[in-house]
Amino acid sequence: MSTARIECRSVTKRLPSGSQVLTILDRIDLAIEPGEFVAILGPSGSGKSTLLGLLAGLDRPTEGEIYVDGERIDTQDEDRLALLRRRKVGFVFQSFQLLGNLTALENVLLPLELARVEHARERANELLGAVGLAARSHHYPSQLSGGEQQRVALARAFAPRPAILFADEPTGNLDLATGGRVLELLIELRARERTTLVLVTHDLEVARLADRRVHLRAGRIERIESNTAVASP
Ligand SMILES: Nc1ncnc2c1ncn2[C@@H]1O[C@H](COP(=O)(O)OP(=O)(O)O)[C@@H](O)[C@H]1O
Ligand SMILES: [Mg+2]
């Protein structure tokens, strides 16, 4: 299994908005250690999704530097970034993002086949079992409930054994009880697979389980709480 230490150094993200320039993230310093579970908290619009996109190599900062295992990534070309994401990174989004013309099993298999993982079918079936959907593996997303679709998305994200998994409000489209079960599964799988997890959530009970809680406000780190002591950013 690969690991990944991700570090942001004074990362700023600005975007043009009409005649103005908005500062979406302002001089963020943050390192995610291998094996850590970090929760990102903050009001809507505080920059949580933007920060996740930068950490995951989906987006580039306006200023500052981002390193993965000591290798600077924000200046790399798109091909190299795509390779890095495929090797190290998994995602779970609010909107599931399953492919509608593929069955649950085929959705989980796809990243394994792209990465040429051996015993892909066994791994995919194992993960579908772990999220309680062994009996639904030949169903299409449209035949599954929202909670079931997100469980397929969890299986798909963990299947290639990413070093780090990013989840952006993965229960934002689910009711409270269903969302709670999905978060429980996410935490269980993360512990079992020993995956580093960066989770954006409004669920304080789940955030309390995290090694650290990073509070964002208006594009800045307001404070970081760790489960041992309160640290400054
Ligand atoms: N592509 C974009 N163009 C203009 N503004 C954007 C864009 N993406 C995000 N923003 C703005 O940046 C701020 C932070 O967005 P986001 O990272 O999505 O926040 P959060 O995930 O915390 O709700 C918001 O004010 C949002 O409107
Ligand atoms: Mg968001």
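Just so you know, all these numbers are worked out from the coordinates, no wet-lab data involved. Worth saying up front: this structure is predicted, and the values here are computed from it rather than measured. Quick reminder, even Gly has a Cβ in these numbers, built from the backbone with ideal geometry, and neighbours come from all protein chains shown.
At-a-glance table
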{"read-out": "Least to most buried among L114, L133, L25 (fewest other Cβ within 10 Å first)", "value": "L114, L133, L25"}
{"read-out": "Per-residue Cβ neighbour rank within 10 angstrom, fewest leading, E184, E126", "value": "E184, E126"}
{"read-out": "Mean separation of Cα contacts under 8 Å (6+ apart) over length of the range 6-231, as relative contact order %", "value": "27 percent"}
{"read-out": "Euclidean distance of C-alpha centroids, the range 26-83 and the range 159-233, integer Å", "value": "15 Å"}
{"read-out": "Coordinate range along principal axes, alpha carbons of the range 162-233, Å, largest first", "value": "33, 26, 21"}
{"read-out": "Computed over the chain, Kirkwood Rh from alpha-carbon pairs, angstrom", "value": "18.2 Å"}
{"read-out": "Convex hull volume per residue in cubic angstrom - Cα atoms of the range 1-102", "value": "152 Å³"}
{"read-out": "The range 118-233, relative contact order in percent, only Cα pairs under 8 angstrom and at least six apart counted", "value": "18 percent"}
{"read-out": "Ranked list, fewest to most other Cβ atoms within 10 Å of each Cβ, for E113, E122", "value": "E122, E113"}
{"read-out": "Charge dipole magnitude, Cβ of K and R +1, D and E -1 - the chain, Cα centre, debye nearest 20", "value": "40 debye"}
